[in-house]
Structures are given as C-alpha cells and as structure tokens.
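Engineer: One structure, as structure tokens, below. Some questions next.
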Amino acid sequence: MELLEKISESLQKGKAKDVKALVQEAVDSGMAAEKVLNEGLLAGMNIVGVKFKNNEVYVPDVLIAARAMKAGTQILKPLLASDGVEASGRVVIGTVKGDLHDIGKNLVAMMMEGKGFEVTDIGTDVPAEKFIETAIEKDADFICCSALLTTTMGEMKNVVEAAEQAGVRNRFTIMVGGAPVNEAFAKSVGADIYTPDAASAAEAAVEALAAKA
Ligand code: B1M
C-alpha cells in the first residue's frame, strides 16, 4: 500500500502512533507537508466524515480519528508553518458557541502562525462576547471564527453584532470559515473575509494587513 494511503487508513482506524510514524516517514522521504496533509490526513478524515454520516462509524470512532489527525499535524506543523513570509499582525481565533470541532480551526491557527501572526486561540464553544473581549484585550487585527455545524454557523452573525454593539466593528477584520460556510453566507452575516481553507485564510490575512498599512 502506498504511504499516503497507509496514513489515511491508519487515521480512519484511529491509530495515532502509526499515523505519527507514517507521517514522519513521509516527511523524511522528502514528501511536501501539504501533500501529506491533503492526500493523507485530510483524505482519511473525509472518509471518516462520510462513514459518520452513513452511520457506519460513531462518535467514539470519530474522536479517536481526530486524535490521530492531531498527532499527524503536530509533525507537519513546523513544516507547514514556515514559508518565509513574516506578517506582524495579531489574530484571535476560536470555534463558535455550541461547536466543539477544532481541527480546522487549529490548522488555520497553525498557518497564521506560519505567516508570522501572533495567534491567540480561545478554543471551542466560544460565545460571541468572548471573541470581542479578547480581541480588544489583545488589540487584535483579525477575529477568526470557525464553525462546522449548520446549527452553529449562525453564531458568526452574533460575533459581528457583538462587535457592532461594543462600538469596535471597524477595529477588526472578521474572518469566517468552516465546512458549511461559504462566501454568500459570510456576506449575509456581515463578515469581512471568507476563505475555504486554512492556507488561503493565512494568505488572505497577509493581504488584508498589507492593504491596511
Ligand atoms: Co462532527 N460533524 N459532530 N465531530 N464531524 C461533522 C462536521 C459532520 C459534517 C459529519 C457528517 O454528518 N458527515 C456533521 C455536521 C452536519 C451539519 O451540521 N451539516 C457533524 C455532526 C452532526 C456532529 C455532532 C452533532 C454528532 C453527534 O453528536 N450526533 C457532534 C456535534 C458536537 C458539537 O460540536 N457540539 C459532532 C462531534 C464530532 C466529534 C467531537 C466526534 C469530532 C470533532 C473532534 C474535534 O474537532 N476535536 C467530529 C468530527 C471529527 C467531524 C468530521 C468527521 C470531521 C471534521 C474535521 O475535523 N475535518 C466532520 C465531517 C467532515 O467534515 N467531513 C463532522 C477536517 C478539518 C481540517 O476540516 O474543520 O472543515 P474543517 O476545516 C477546513 C475548512 O473548513 C477550513 O479549513 C480547513 C481546511 O484547511 N476552515 C476554515 C475551518 N475553519 C476555518 C476558518 C477560517 C477559514 C477556513 O477562517 C476563520
């Protein structure tokens, strides 16, 4: 079996130690970190998602797959992170209230750090007010909201409204993303930037910061 396929298979089985070892092997063989992430780890997680939807696997299986995903991304982190671009902005990132999914958010945080941003990760299940309080406290440039559930994506509107109510909407660029989110939704809730993946989120932040300067 090809190495990337082995990574995907091991992730689906939730074998964190194997995933770690295989990802290391792939990296040592000179394979690009993005390829290992997209065609190994994320490919495996997508299959888990389909099986989850079809009731072929259940929450505990998905949790151990998520743990294996984290083990793999830890190895990739320093490689994904550095590409020479050094931005000097501040980012507050979290998954919105009611939502516990954090793998995509962690990837966005990782990519942002890689671009030189100072990232404050406020975790999952974050109330709108907490995004705003932290952004004020950290004097952030960006508020980044992730949501994976159709039932929680509406919380992004609350984040925009909380910023308006606190009179600080113009201080922050609000970025949104996550599987159910798209450009039209982002516009409808009054967010500033939507990007479909972690790498483009970091690139968009660099561009937005440069445009502000
Ligand atoms: Co959940 N889950 N889950 N889950 N889970 C989904 C999202 C689901 C699509 C599965 C399915 O049915 N096929 C479904 C949502 C359906 C819907 O709303 N339409 C679902 C459900 C229903 C649930 C529960 C309700 C299940 C239950 O309890 N009955 C429950 C909800 C819990 C809660 O949050 N309150 C639940 C629980 C869980 C686990 C805890 C078991 C686990 C999460 C573990 C963790 O995150 N630590 C889990 C997982 C792992 C998934 C799937 C399988 C994988 C998600 C993932 O990590 N993908 C997922 C199915 C799927 O997505 N295929 C599913 C990999 C990750 C890298 O992708 O987060 O999309 P993603 O991030 C992408 C982009 O979206 C983007 O960048 C990343 C790529 O580079 N991105 C951004 C993300 N945030 C961004 C922010 C940005 C920009 C881009 O700017 C700020």
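The values are calculated or read from the model by the stated rules, or taken from the named source; none is laboratory data. Since the model is a prediction, treat every value here as computed from it, not as a measurement. Note that we place each Cβ from the backbone using ideal geometry, even for glycine, and neighbour counts take in every protein chain shown. Note: areas computed on protein heavy atoms with side chains; ligands, DNA, RNA excluded. Shrake-Rupley method; radii C 1.70, N 1.55, O 1.52, S 1.80 Å.
Engineer: Once you keep just the Cα pairs under 8 angstrom separated by 6 or more residues, what percentage relative contact order results for the chain?
Structural biologist: After rounding, I find 17 percent.
Engineer: Skipping prolines and chain starts, which residues have an amide H placed within reach, meaning under 5 Å, of the one on Gly116, given they are 5 or more residues away or on another chain?
Structural biologist: Amide H to amide H, under 5 Å and 5 or more residues apart or across chains, Gly116 pairs with Ala87.
Engineer: Long-range amide H contacts for Lys15: which residues qualify at under 5 Å (H placed 1.01 Å from N, peptide plane, sequence gap of 5 or more or a different chain)?
Structural biologist: none
Engineer: What ranking, highest mean first, results for peptides 187-199, 35-47 when packing means the other Cβ atoms within 10 Å averaged over each residue?
Structural biologist: The packing order, highest mean first, is 35-47, 187-199.
Engineer: Run the dipole for the stretch 1-122 about the Cα centre, Lys and Arg Cβ at +1, Asp and Glu Cβ at -1, nothing else charged, and hand back the magnitude in debye, nearest 20.
Structural biologist: In debye, rounded to 20, the stretch 1-122 gives about 360.
Engineer: With N denoting the number of residues in the stretch 138-177, provide Rg(C-alpha) divided by 2.2 N^0.38 Å, to two decimal places.
Structural biologist: The reported ratio for this selection is 1.18.
Engineer: A follow-up question, please. Relative contact order of the stretch 90-212, please, whole-number percent, based on alpha carbon pairs below 8 angstrom and at least 6 residues apart.
Structural biologist: Normalised by residue count, the contact order of the stretch 90-212 is 28 percent.
Engineer: Next question. May I have the extent of the alpha carbons of the stretch 87-213 along their three principal axes, as whole Å values ordered from largest to smallest?
Structural biologist: 35, 30, 25
Engineer: Find the eigenvalues of the gyration tensor of the Cα atoms of the stretch 3-82, then list the square roots of 5 times those eigenvalues as equivalent ellipsoid semi-axes, largest first, in whole angstrom.
Structural biologist: 22, 11, 10
Engineer: Right, another one. Given the -39500 (n - 2.57) contribution per DSSP H run of 4+ residues, what per-residue ellipticity at 222 nm results for the chain, rounded to the nearest 500 deg cm²/dmol?
Structural biologist: After summing the helix terms and dividing by residue count, I get -16500 deg cm²/dmol.
Engineer: Report, by chain and number, residues whose modeled amide H sits under 5 Å from the one on Val126, excluding near sequence neighbours (fewer than 5 apart, same chain).
Structural biologist: Here the answer is Thr95, Val96, Lys97, Gly98, Asp99, since their amide H atoms fall under 5 Å of that of Val126.
Engineer: Something else now. Before anything else, pin down the relative contact order of the stretch 3-82: Cα pairs under 8 Å, at least 6 apart, normalised by residue count, whole percent.
Structural biologist: 45 percent
Engineer: So, with +1 on the Cβ of K and R and -1 on the Cβ of D and E, and no other charges, what is the size of the charge dipole of the chain about its Cα centre, to the nearest 20 debye?
Structural biologist: It comes to approximately 360 debye.
Engineer: Next up: Any idea what the dipole of the stretch 104-213 comes to, in debye rounded to 20, about its Cα centre with Lys/Arg Cβ at +1 and Asp/Glu Cβ at -1?
Structural biologist: Using Cβ point charges on Lys, Arg, Asp and Glu, the stretch 104-213 gives about 180 debye.
Engineer: If you take the Cα atoms of the chain, find Rg, then find the Kirkwood Rh from the mean of 1/r over all pairs, what is Rg/Rh?
Structural biologist: Expressed as Rg/Rh, it is 0.99.
Engineer: At R0 = 25 Å, how high is the FRET efficiency between Glu183 and Val62 if r is their beta carbon distance? Nearest 0.05 is fine.
Structural biologist: For R0 = 25 Å, the calculated efficiency reads 0.35.
Engineer: Continuing with the same structure: Whole-Hz Karplus ³J(HN,Hα) for the stretch 46-61, in order, using 6.51 cos²θ - 1.76 cosθ + 1.60 and θ = phi - 60°, x for Gly and Pro?
Structural biologist: 5, 5, 4, x, 5, 5, 5, 4, 8, 6, 8, 10, 10, 3, x, 5
Engineer: Please give the length that would be gained between Lys138 and Gln24 if that part of the chain were fully extended, namely 0.36 nm times their separation in residues minus their C-alpha to C-alpha distance (nm, one decimal).
Structural biologist: In short, 37.5 nm is gained.
Engineer: Next question, about the same structure. Taking the solvent-accessible surface of protein heavy atoms with a 1.4 Å probe, what is the per residue accessible area of the stretch 70-213 in Å²?
Structural biologist: Per-residue value: 45 Å².
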